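Heads up, the thing below is written out as structure tokens.
The values are calculated or read from the model by the stated rules, or taken from the named source; none is laboratory data. Treat the numbers as computed from the prediction; the structure is a model and nothing was measured. All Cβ positions, even for glycine, are placed from backbone atoms using ideal geometry, and neighbour counts span all protein chains on display.
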Amino acid sequence: MILFFLITIFIYSAYKVSFHRIEKYQQKSGERLAALPKFYGYFAGAMMAGVLMGVLCLYQWMALSLESFFGILLFIGFGVITLFLLPKTIKPSFKARHTLEKAGYFLFIVAALLSIVITTVVVLLLISESFRFFTIVPLQDFLFGTVWSPEISHGYGKSQGQYGALPLFAGTFLITGIALCIGGFLGLMVAIYTSQFANPLTRTFLKPALEILAGIPTIVYGFFALTVVAPFLHSLGEWFHLSISSESALGAGLVMGLMILPIISSLSDDALASLPGELKQNALAMGATPSEAIRTILLPAAFPGIIGSFLLAVSRAIGETMLVLMAASLQPNLTGNPLNAVTTVTVQIVSLLTGDQEFDSPKTLSAFALALVLFLMTLALNIIALFLVNRHAKRYEL
């Protein structure tokens, strides 16, 4: 905390000192500067940040402690010396704005390339480890097997467990389907209300209130499902003489539906609100009722944004970990009954990689195979979303 405070003070000081120095020079000489004074300040602040980051790297390389009094004093000394010398090295003829724009452009390129490199490394890691797993367990047995019972096998190439992942995929799609039915329907209804029927004051308060749900940590949703939803469903099942598991797919799906509701409602609301007002007005002028105008004109026109919100929510639901880890079961169960306990792909990945594991055993390698399938599933959903959005965007281009 002290280090962050010191870095902020030095960067701000470098900005102010360079800004006032260049401003005074301009007032005194009357010459035209190569850039506005604020850009000289921005450049000085960026240089100060770079110097301080370099000092921190030097501390790490020399194994110096920043928590000691000597370490902090030495860091302050570096900052003061840089603050004294840096403004004097920036000349009024220096093109600060042009340099900052080029540096920003370079950083954007580096960030884009870095994201591509990281994604490529992750995919290659998943493929290589999954290939090791599939040399032990046949691919068809993994994808279409109905029994998931991994066991620890000492030594690479030995498989004693059963790695049929079909119950995991079935549980994942069952919970996701329930979540989509709940969150998709309610989210779309909320989006229609906020964009077409709510007055500006109601919309101002209602939309941010719904978007707050997206900021709630998933572990809170899991705790809510574990302590509120699951006991309620169990009691409701006893009242109707139904056997509902305490870790049912229905409970996990209901809470996951609440989790993805703000994603669908917010993006669908934006898609509907961005349509020209003439669409609805022309439909009403032709004698259509408001509901008919929304159903036959606005929803088809906003279909690209709506389908994009649905598929984004599905991708979020399929990859969700913490909520289903707390609300779903660890027991693989190939069933379509939402009242039974099921498990998901993400839950099994967490359980397989928890604790000390041998990365040459089929049990651990199966987690990479599950992760690869999960990655391919979300990738396919994104490709389908782009295809549908592009296709219908051309059809309803406004």
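Quick look at the numbers
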item: The range 11-32, residues that are more than 23 Å from Thr82 (Cα to Cα) and of a type outside the set (Gly, Ala, Ser); result: Gln26, Gln27, Lys28, Glu31, Arg32
item: Answer residue from the range 88-116, given it is surrounded by 11 or more Cβ atoms within 10 Å (Cβ to Cβ) and of a type in the set (D, E, K, R) and is nearest to Ser29 (Cα to Cα) among those; result: Lys91
item: Some residue of the range 73-86 being exposed (fewer than 11 other Cβ atoms within 10 Å of the Cβ) and over 29 Å from Val17 (Cβ atoms); result: no
item: Test: residue in the range 180-189 that is without any contact (Cβ under 8 Å) to a residue 24 or more places away in the chain, loosely packed, with under 14 Cβ neighbours inside 10 Å and more than 26 Å from Leu381 (Cβ to Cβ); result: no
item: When residues of the range 3-62 are limited to those that are among the basic types (Lys, Arg) and within 18 Å of Thr99 (Cβ to Cβ), the one farthest from the chain's Cα centre (by Cα); result: Arg32
item: Hey, Phe106 in contact (Cβ under 8 Å) with a residue 40 or more places away in the chain, over 30 Å from Ile2 (Cβ atoms) and outside the structural domain of Phe368 (by TED's automatic domain parsing) or not; result: no
item: Listing of helices (runs of 4 or more DSSP H) fully contained in the range 93-184 that carry 1 or more residues being modelled with pLDDT of 90 or more and under 30 Å from Ala35 (Cβ atoms); result: 96-134
item: Criterion: without any contact (Cβ under 8 Å) to a residue 24 or more places away in the chain and either farther than 23 Å from Ile349 by Cα or in a strand (DSSP E or B) (or both) - qualifying residue of Leu275, Leu233; result: Leu233
item: Residue satisfying all of: in the range 76-92; touching a residue at least 24 places away in the same chain (Cβ under 8 Å) and not in a helix (DSSP H, G or I); nearest to Tyr12 (Cα to Cα) among these; result: Ile90
